[in-house]
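Any read-out appearing in this document is the output of simple, stated calculations on the displayed coordinates, not a laboratory observation. On a predicted model such as this, the values are computed, not experimentally measured, just so you know. Heads up, the Cβs are rebuilt from the backbone with ideal geometry, glycines too, and the neighbour counts pull from every protein chain shown.
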Amino acid sequence: MSIVKLRTVRKVDFAATYLPPSIPALLPDIADGELNLLPFKATFTPLRVEFPMWRHSDPSPEEPETLVLFINERPVAKRQWTAPVKDVELFIDVEARFLIEGHHDIHYQVTVHYGETVPSEKLRIIIDKTPPYLGENDDLVYPPEVIRNGVTERYLEANGDQLLGQVPKYTGAAVGDKVRWYWSASPVGKELVGIRELTKADLDTPLTLAIPGDFIRQSKDGPRFARYEVQDRAGTAIQRSLAVGIGAAVLPAPRNLPPIKVVQAIGTAFFSTLKPRDALNGATLEIPSDAVLEDDDLITVFWGEQGTVGAYSSDVPITPGGRRFQVPKANIAPHMGKAIEVRYQVKTRADELFDSQIHRLQVEWLTGLPVVQCDKINDHLLVLSTMGDRANFSLPTWQHMATSQFVTVWLEGVKRGAPREKVTLPLVSEAPVPGENSAMPVGSLTKGQLQQLESGYQFQVKVRVSFDDKQSWLTFPHTSATLVDIPG
């Protein structure tokens, strides 16, 4: 007599049960830019595609479960399980030969152990392997008088203390392209003036690049060369223009006051980049040793544009008579994602004021951000029948966390009985951060509120944080879970 073990399976018939796949390598979306753009460098190696855990999974050697990944309806990868699926196995690698240029729809379908096959929604990605084309006459366009006579102090005084050059229109220009421009003593010099990321407005008007007068003066007099480089957002090959030769004849400053140095930043004397993780205790500003200072000079350092969020100034050095000044930690985070000017001013005993040359600092965004937590989510499931009266949400600490910041958290899911309709459940909106050293409670949802969501579907809890008094918002990683409603 043989014994046959039967499985009790609760089948659910959904038109599109599963969320689309995700690709960690995709670039973050930007305003008006191409969505879900794959970096060019990611097309040379197998591409990791991830997917959430599906419902009713119970694979075995007798009844395996299979996931097939499709690109434009063509199967390109397959994975099978004969044992319970682990979180670390929820991915599949796509061979580089399938990563061709163009727009591609990616989805997967899962065949569970009892034979039901359910597709996911599609993720549309863009693969761009073609760099912009600058054309034959790609050098910067300057006024004839500048080409003929060079740039002089008189010219700078009459033109807003800057030299403007126009970039010829080039083929393939797109939102997110990065333009870097240089002012050097060599046609291939690397003295970077600035970096500009193109917006939608830049595509409709001539693109003008400014070389500030202080940059020209700090480069001294003599033959100089202006050029630019373009690289698209995908990161294809950098396109370099020809250099324009321009003579520089500007008057020296009354004092030699070279740009101040940001000790924790990396770069040149005039342009550097600061990672917030390198300034957890604030930033140190150092006046160069070749700056000409007198013992009775009063020195004031300026961090950012005074009067704006995060700006700071001080005339008190770290040690009396020293050349180092401290910028508090609280003045770092408001400038993330922005470029600021850092400078110092010298006031003499005769009340004369001398301004230093400007150092331009790019403050990067934070990385390693925390994921919102919920005390009722276990193994990516939120079970209504066992959750109690409410589910509580909290946000772990992050670097540069401060009470001057604001947090917005909300839940997104689909409507019960109408899964094609979106439901948004707010948790907190622009809530001030209460402290700096402990997890932040970010609201709760009752069982009644959660019952607005369709059972068996995933929902996402999303977070955004403002570090600059709500002028801009940084999106934190979201958490996903499946709502389970088993009637008692």
FRET efficiency for Ser313 and Tyr114 from the Cβ-Cβ distance with R0 = 60 Å, rounded to 0.05, comes out at 0.30
Rounded, prolate or oblate, given the Cα gyration tensor of the stretch 144-249, with a/c below 1.5 counting as rounded?
prolate
Could you check the simple spin-label distance between Asp297 and Arg74, using points 7 Å along Cα→Cβ, in nm with one decimal?
6.6 nm
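How would you order 428-435, 50-57, 210-217 from highest to lowest mean count of nearby Cβ atoms within 10 Å? Please list the in-between numbers first.
Values: 428-435: 13.8, 50-57: 17.1, 210-217: 20.9.
In descending order of packing, they fall as 210-217, 50-57, 428-435.
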Proportion of all alpha-carbon pairs of the stretch 37-127 beyond 21 Å (%):
33 percent
Could you list the residues of the stretch 27-58 with an amide nitrogen less than 16 Å from a label point located 7 Å from the Cα of Glu101 in the Cα-to-C-beta direction?
38-44
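Can you give the Rg/Rh ratio of the stretch 261-363, where Rg is from the C-alpha atoms and Rh is the Kirkwood radius? Spell out each step's value before the answer.
On the way: Rg = 13.2 Å, Rh = 13.9 Å.
For the stretch 261-363, the value is 0.95.
Hey, which of these cross-link pairs are over 24 Å Cα-Cα: Lys86/Lys376; Lys415/Lys470; Lys122/Lys462; Lys376/Lys422; Lys169/Lys338? Spell out each step's value before the answer.
Numbers: Lys86/Lys376 20 Å; Lys415/Lys470 30 Å; Lys122/Lys462 21 Å; Lys376/Lys422 22 Å; Lys169/Lys338 26 Å.
Where the Cα-Cα span goes over 24 Å, the pairs concerned are Lys415/Lys470; Lys169/Lys338.
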Extension gain (nm, one decimal) between Thr208 and Glu62, 0.36 nm per residue minus Cα-Cα:
45.9 nm
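For Lys200 and Arg390 in the same chain, what is the full-extension length gain: residue separation times 0.36 nm, less their Cα-Cα distance, in nm? If you can, show how the numbers build up before the last one.
Numbers: separation 190, 0.36 × 190 = 68.40 nm, distance 4.46 nm.
Once the chain is fully extended between Lys200 and Arg390, it gains 63.9 nm.
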Measuring from label point to label point, each 7 Å out along Cα→Cβ, what is the Ala83 to Gln326 span in nm?
5.5 nm
Rounded to the nearest 0.05, what FRET efficiency is calculated for Arg255 and Lys41 with R0 set to 56 Å and r the Cβ-Cβ distance?
0.75
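Could you please report the charge total around Val463, scoring K, R as +1 and D, E as -1 over all other residues with beta-carbon less than 13 angstrom from its beta-carbon?
Details: positive: Lys462, Arg464; negative: Glu412, Glu430.
Charge balance near Val463 sits at 0.
Taking N as the number of residues in the chain, what is its alpha-carbon radius of gyration divided by 2.2 N^0.38 Å? Don't skip to the end; give the middle numbers.
Numbers: Rg = 28.8 Å, N = 488, 2.2 N^0.38 = 23.1 Å.
Normalised by 2.2 N^0.38 Å, the Cα Rg of the chain equals 1.24.
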Neighbour counts of other C-beta atoms within 10 Å: give me Phe44, Phe476 arranged from fewest to most.
Phe44, Phe476
Cα radius of gyration and Dmax for the stretch 373-484 (Å):
14.5, 43
Estimated distance in nm for a label pair at Thr446 and Ser404, the labels positioned 7 Å out from Cα along Cα-to-Cβ:
3.9 nm
Loop-located trypsin sites (Lys or Arg not before Pro) in the stretch 299-372, at most 16 other Cβ atoms within 10 Å (DSSP):
Arg349
At a 10 Å Cβ-Cβ cut-off, how would you order Tyr228, Tyr114, Tyr18, fewest neighbours first?
Tyr114, Tyr18, Tyr228
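Once the piece of chain linking Arg48 and Arg464 is laid out straight, how much longer is it, given 0.36 nm per residue of separation minus the C-alpha distance between them? Walk me through the intermediate numbers first.
Values: separation 416, 0.36 × 416 = 149.76 nm, distance 2.61 nm.
Gain in length upon complete extension: 147.2 nm.
Ranking His335, His400 by Cβ neighbours within 10 Å, fewest first, what do you get? If you can, show how the numbers build up before the last one.
Values: His335 26, His400 18.
So the ranking, lowest neighbour count to highest, is His400, His335.
Based on the Cβ-Cβ distance of Val188 and Glu305, what FRET efficiency does E = 1/(1 + (r/R0)^6) give at R0 = 35 Å, to the nearest 0.05?
Numbers: r = 33 Å, r/R0 = 0.96.
Efficiency, from the Cβ-Cβ distance: 0.55.
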